[in-house]
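The values are calculated or read from the model by the stated rules, or taken from the named source; none is laboratory data. Note that the structure is a prediction, hence the values are computed from the model and not measured. Ideal geometry is used to build each Cβ from the backbone, glycine not excepted, and the neighbour counts take in all protein chains shown.
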Amino acid sequence: MSKETTKKDGFFVKVIKGIEVAGNKLPHPFWLFMGLWAIVLALSAVFEGVSVQKPGTEDTVAIMNLLSHKGFDWSVRSMVKNFAGFPPLGLVLVMMIGLGVTTKSGFLENLMKNIAKVPEKFIILAVFLFGICGNLASDAAIVIVPPLTGALFFSMRKNPIFGLVVGYGAVCAGFTANLFIAGTDLLLAGISTTAYQIVKPGAEVYPTANYFFMVVSTFVISGLASIFVSKFMMPSFGQWDEKFEHCQAAEEMQHGGGGFEVSEQENKAFRSAMIFTAVYWIGLISYAMVPGSILRDPVKDVLIPSPFIKGLVPILLLYFILVGVIYGKKAGTIKTAKELVNSMVEGVGGMASYIVIILPIANFIAAFSKSNMAIVMAVKLAEGLKNAGFTGFSLLVMIILFSTFVNLFITSGSTKWAFMAPVIVPMLYYLGYSPQLAQLLYRIGDSCTNSITPMMPYFPILLGFAAKYDKDAGIGTIVSRGIPLSIFFAVAWITLLAVWYFLNLPLGPGAGIFVG
């Protein structure tokens, strides 16, 4: 290593690279989750009978021994069901059918080449804004945004794996930042309302509870994150490596439309595809705004929830297929119906390793849930925090940190909040803090570590995308590059919360920081 390289690599960069090396020495995700599955089975036997009172109720929840006769029977009978019914699996495969068409046709590559002409600082800002607001599409955004940003960075001659991490981090940040009210807001508000009614019967927490904070977060986090990535992360992690010239992704793009030069025929095809894009989305959104439209809720005639929001996955699938066909026909990359089907097959075929990894992941998560260890751990940790004696703003920070820690092990947002809320909401209420604030603290903590926990169901698909650029990319490659972003999100959101707290600003319409 040269002196120049040593000088460039400061202490923090060396730590991150050390984490990468250590992380990449972990077993293949298949064996990692097989091991975790086995550990859960063993621990359920060791801690059998350990119980807690379910917050807000008189019910007792005890750890179930999955190695007992009853537990083993469940494990055997549910293994295939856990795998086939794993929610992310269907979503990923459906999205990859559409993305396969856009990739094979060459549309995705041409789109990235055109975006790459924009100055870098604005591109990264756009990635964060798009990723955060893309959370409106729920989990579909996790499947769509990272590969797009990876391809974008590839077109910019930047490290595409770092692009994947940035896109993934942006989507995960959307849990606490958005310009729109999403399904997550409805889900969490319902849980918060139930917890609030423990201390105040009949009270309600509305989906708009954190809206003001989330809108401001969208711009503040996107702006600061783009500066942080451009100035501090890009020089160390975003540089191009010649090995990317001959990676699997490069070969796929070449088969879909050539090298870095764009022909006149491809430009005409791209213009046609973009015209269709504008017509498709403007038409859909306009129709969704019309009262009585079939895209609106059939009972309340509203947009959230509605078939338009809940059906974004099939709507996106149809768009990807149609835009790919239009571009492919004009560019000459998709000429027949058979070629169209082949492009879909290739898109799904690239997910073979992900499908295999899902078997232990789905069963690990199901076993962890069935054993009740997740519930017992969450409740006991929350009670420990309650008895720790923190007050004032430091208490709020501790709740955020508590949420970030729990999120490393329990990734289902609704599950965590369902068992944290009945403890956190009443605790803060009696200290004078609103349930809307309690919900916000949980969301901040959850958003900070979503992008670095390997327990996230979509983490393996990120590894699959990364392998297309570097076959040696592993868990350490993704986690090490995500840690600086995770730390940044925590610092930025806690700072923004401090401003909100000390100025006593409203969190949303009719939702303050303090009770009353």
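Identify the residue in the stretch 20-49 that is among the β-branched types (Val, Ile, Thr) and surrounded by fewer than 15 Cβ atoms within 10 Å (Cβ to Cβ) and, among all such residues, is nearest to Val356 (Cα to Cα). If you could, list the steps in order and put the result at the bottom.
Residues of the stretch 20-49 among the β-branched types (Val, Ile, Thr): 21, 39-40, 46.
Checking which are surrounded by fewer than 15 Cβ atoms within 10 Å (Cβ to Cβ) leaves us with 21, 39, 46.
Working: Val21: 25, Ile39: 20, Val46: 29 Å.
Checking each candidate, the answer is Ile39.
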* Structure fact -> Contact list, first residue from the stretch 290-304 and in contact (Cβ under 8 Å) with a residue 60 or more places away in the chain, second anywhere and of a type in the set (Gly, Ala, Ser) and not in a loop (DSSP other than H, G, I, E, B), beta-carbon distance below 9 Å, six or more apart or interchain, is Ile304/Gly183
* Looking at Phe128, Phe122, which is the one that is buried (at least 24 other Cβ atoms within 10 Å of the Cβ) and among the aromatic types (Phe, Trp, Tyr)? -> Phe128
* Could you list, in sequence order, the residues of the stretch 264-315 that are under 26 Å from Thr184 (Cβ atoms), part of a loop (DSSP other than H, G, I, E, B) and small (Gly, Ala, Ser)? -> Ser293, Ser306, Gly311
* **Filtered residues of the stretch 203-241 (kept if more than 21 Å from Leu440 (Cα to Cα) and in a loop (DSSP other than H, G, I, E, B))** => Gly238, Trp240, Asp241
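Given the criterion in contact with a Phe, Trp or Tyr (Cβ under 7 Å, 6 or more places away or on another chain) and among the β-branched types (Val, Ile, Thr), identify the matching residue among Val479, Val425.
Val425
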* Only one of Gly90, Gly49, Gly98 that is in a helix (DSSP H, G or I), of a type outside the set (Lys, Arg) and free of Cβ contacts under 8 Å to residues at least 60 places away in the same chain -> Gly90
* Asked: Could you count how many residues in the stretch 128-178 are among the charged types (D, E, K, R) and within 20 Å of Leu93 (Cβ to Cβ)?
  -> 1
* Structure fact -> Listed by first then second residue, the pairs whose first member lies in the stretch 265-279 and is within 11 Å of Tyr327 (Cα to Cα) and in contact (Cβ under 8 Å) with a residue 60 or more places away in the chain, whose partner is surrounded by 16 or more Cβ atoms within 10 Å (Cβ to Cβ) and among the hydroxyl-bearing types (Ser, Thr, Tyr), with beta carbons under 6 Å and at least 6 positions apart or on separate chains, are Ala269/Tyr327; Ala273/Tyr327
* Asked: Within the stretch 470-491, is even one residue assigned to a helix (DSSP H, G or I), without any contact (Cβ under 8 Å) to a residue 60 or more places away in the chain, in contact with a Leu (Cβ under 8 Å, 6 or more places away or on another chain) and farther than 24 Å from Tyr206 by Cα?
  -> no
* Structure fact -> Exactly one of Tyr168, Tyr196 is out of contact with any strand residue (DSSP E or B) (no Cβ under 6 Å at 6 or more places or on another chain), surrounded by 24 or more Cβ atoms within 10 Å (Cβ to Cβ) and closer than 26 Å to Lys54 by Cα, and that residue is Tyr196
* Does Ser371 qualify as being at pLDDT below 75 and either of a type outside the set (Asp, Glu) or closer than 24 Å to Leu32 by Cβ (or both)? -> no
